[in-house]
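The values are calculated or read from the model by the stated rules, or taken from the named source; none is laboratory data. In this text, all values refer to a predicted model and were calculated from it rather than measured experimentally. Note that we place each Cβ from the backbone using ideal geometry, even for glycine, and neighbour counts take in every protein chain shown.
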Amino acid sequence: MSKGTRYTMGNGILLKLAVGVCCALAVFGLAACTPRGAAVGDTQQEQAPAHDNVPGARTTIALIGSPHASNADTLAVNALDADDDFDVVYTATAGLDDPGATARQAVLDAVARRVNLIMISDFTEGEEGAWSQTLGKARESGIPVVLLNPEGEPHDPLLYAAVFRVNDRMMDAVPLAKAADTVIRDEPHDREMMVTTITATE
């Protein structure tokens with residue numbers, strides 16, 4: 001057996017080892033993105049480590065619109081857009097034959113795009129099984145989910161990080177963009193937060 005053949009076999013072994021290590025790291029990375037016993041992005045303890053975004057990186061938020069026709073979604077989009085670090089991908093569902101199916105597909109699309117946060121406006125408890133499966137995909141991918149003014153909440157608290165309720169009349173309400181950033185960075189926050197869509201420029 002020549003040295004060249006041994007070298008080729010060695011490369012093959014190294015390649016297999018490299019592939020094995022990469023696979024193990026991928027599995028570990030996925031597991032690390034999904035906290036045990038808590039929703040992704042649901043940090044409520046000060047000692048929990050916070051995760052900063054990569055400097056200069058854009059943050060993408062997928063906002064799934066309300067099934068009801070209102071200007072609430074527009075206010076939310078404008079409030080998030082006011083933050084220069086955010087890119088907002090908005091999906092309208094109002095007026096559609098099956099807004100629930102459209103919303104769930106939008107969540108799956110957001111997961112595929114690897115967004116930083118999924119925000120669902122006026123979430124309802126209908127079709128719980130379908131929603132559990134859809135939100136489970138976001139959890140498995142390590143993407144936090146926020147419910148904006150929900151009409152109901154999933155039975156499984158591990159499927160969403162927080163509930164945001166908009167109240168633009170409360171002086172101590174947290175700006176929507178700041179609240180979203182807190183969840184994205186996995187910094188300590190209340191499970192339910194009062195937020196405002198009023199920005200500093202208004």
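Which of the residues spanning region 93-111 are out of contact with any helix residue (DSSP H, G or I) (no Cβ under 9 Å at 6 or more places or on another chain) and of a type outside the set (D, E, K, R)?
Selection gives GLY95, PRO99, THR102, ALA106.
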Original post:
Is there a residue in region 129-137 that is of a type in the set (Gly, Ala, Ser), under 10 Å from the mean Cα position of the chain (by Cα) and modelled with pLDDT of 95 or more?
Top reply: no
Original post:
For region 56-109, what are the residues that are among the aliphatic types (A, V, I, L, M), more than 19 Å from PRO150 (Cα to Cα) and touching a residue at least 40 places away in the same chain (Cβ under 8 Å)?
Top reply: ALA82
Original post:
Given the residues ILE120, ILE143, which is the only one that is surrounded by 17 or more Cβ atoms within 10 Å (Cβ to Cβ), touching a helix residue (DSSP H, G or I) at 6+ places or on another chain (Cβ under 8 Å) and without any contact (Cβ under 8 Å) to a residue 60 or more places away in the chain?
Top reply: ILE120
Original post:
Does region 54-68 contain at least one residue that is of a type in the set (A, V, I, L, M), assigned to a loop (DSSP other than H, G, I, E, B) and either more than 22 Å from THR182 (Cβ to Cβ) or at pLDDT 95 or above (or both)?
Top reply: no
**OP:** Out of ASP156, ASP186, ASP190, ASP168, report the one residue that is within 19 Å of ASP81 (Cα to Cα) and of a type outside the set (A, V, I, L, M, F, W, C).
**Re:** ASP168
**OP:** Considering only region 165-189, state which residues are in contact with a helix residue (DSSP H, G or I) (Cβ under 6 Å, 6 or more places away or on another chain) and surrounded by 20 or more Cβ atoms within 10 Å (Cβ to Cβ).
**Re:** LEU176, ALA177
**OP:** Hey, can you tell me all the residues within region 71-93 that are closer than 11 Å to ASP122 by Cα and surrounded by fewer than 21 Cβ atoms within 10 Å (Cβ to Cβ)?
**Re:** ALA72
